[in-house]
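A.B. asks: Shown below is the structure under consideration.
Read-outs throughout are calculated quantities, based only on the coordinates presented, and are distinct from any laboratory measurement. These numbers were taken from a predicted model, which means no experiment stands behind them. Note that each Cβ is placed from the backbone with ideal geometry, even for glycine, and that neighbours are counted across all protein chains shown.
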Amino acid sequence: MNDPLDNLLDARLRDETPYIDDAGFTARVMQQLPRRRFSWSTQRAFIIFVATIVSVVIAYFASGEGMFVHDAFARMSGLKPVQLLLLILACGTGMTIAGLWAALTRTRDTTV
């Protein structure tokens with residue numbers, strides 16, 4: 001949690017710390033450290049990303065190369081203007097509610 005007192009103390013300590021020249025010692029030590037390996041969360045994110053791409057490609061070809069999208073657009077082009085407007089408003093409202101829900105859920109998350 002961001003405590004104003006902690007932020008103030010952190011800023012004061014950071015501002016008052018004088019720089020001590022170490023003649024490049026820190027840079028040499030950092031170069032000698034072993035390379036950082038991918039963390040488990042990075043590997044997990046990469047695996048999920050690749051699995052998602054593979055799933056989308058499989059679904060695309062399994063669905064007749066996206067003909068359902070063409071059919072959906074053909075059906076929507078036959079809608080009356082009022083029906084099309086209501087469909088667009090419903091989709092926009094749904095996306096707005098989903099975005100607000102995601103934002104509110106994120107602000108309540110205290111484990112970050």
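A.B. asks: Just to confirm the number: angle between the C-alpha axis of helix 81-108 and the first principal axis of the chain, 0 to 90 degrees, nearest 10?
C.D. replies: Between helix and principal axis, roughly 20 degrees.
A.B. asks: In the chain, if the dipole is taken from +1 on Lys/Arg beta carbons and -1 on Asp/Glu beta carbons about the Cα centre, which of S77, T52, F25 is farthest to the positive end?
C.D. replies: Of the listed residues, the answer is S77.
A.B. asks: Quick one: 3J(HN,Hα) in Hz for segment 47-55, Karplus 6.51/-1.76/1.60 with θ = phi - 60°, rounded, Gly and Pro as x.
C.D. replies: Karplus values, whole Hz, x for Gly and Pro: 5, 5, 4, 5, 4, 5, 4, 4, 5.
A.B. asks: Here is a further query. Say we join alpha carbon atoms closer than 10 Å with springs in a Gaussian network model of the chain; which of M95, M67, M30 then has the biggest fluctuation?
C.D. replies: M30
A.B. asks: How big is the dipole moment of the chain about its Cα centre under a simple scheme where the beta carbon of each Lys and Arg is +1, that of each Asp and Glu is -1, and everything else is neutral? Debye, nearest 20, please. Show your work: numbers first, answer last.
C.D. replies: On the way: 11 positive and 10 negative charges, 97 e Å.
It works out to roughly 460 debye.
A.B. asks: (1) 73; (2) 29; (3) 39: which one is percent of Cα pairs over 23 Å apart as calculated from this entry?
C.D. replies: Answer label, from the structure shown: (1).
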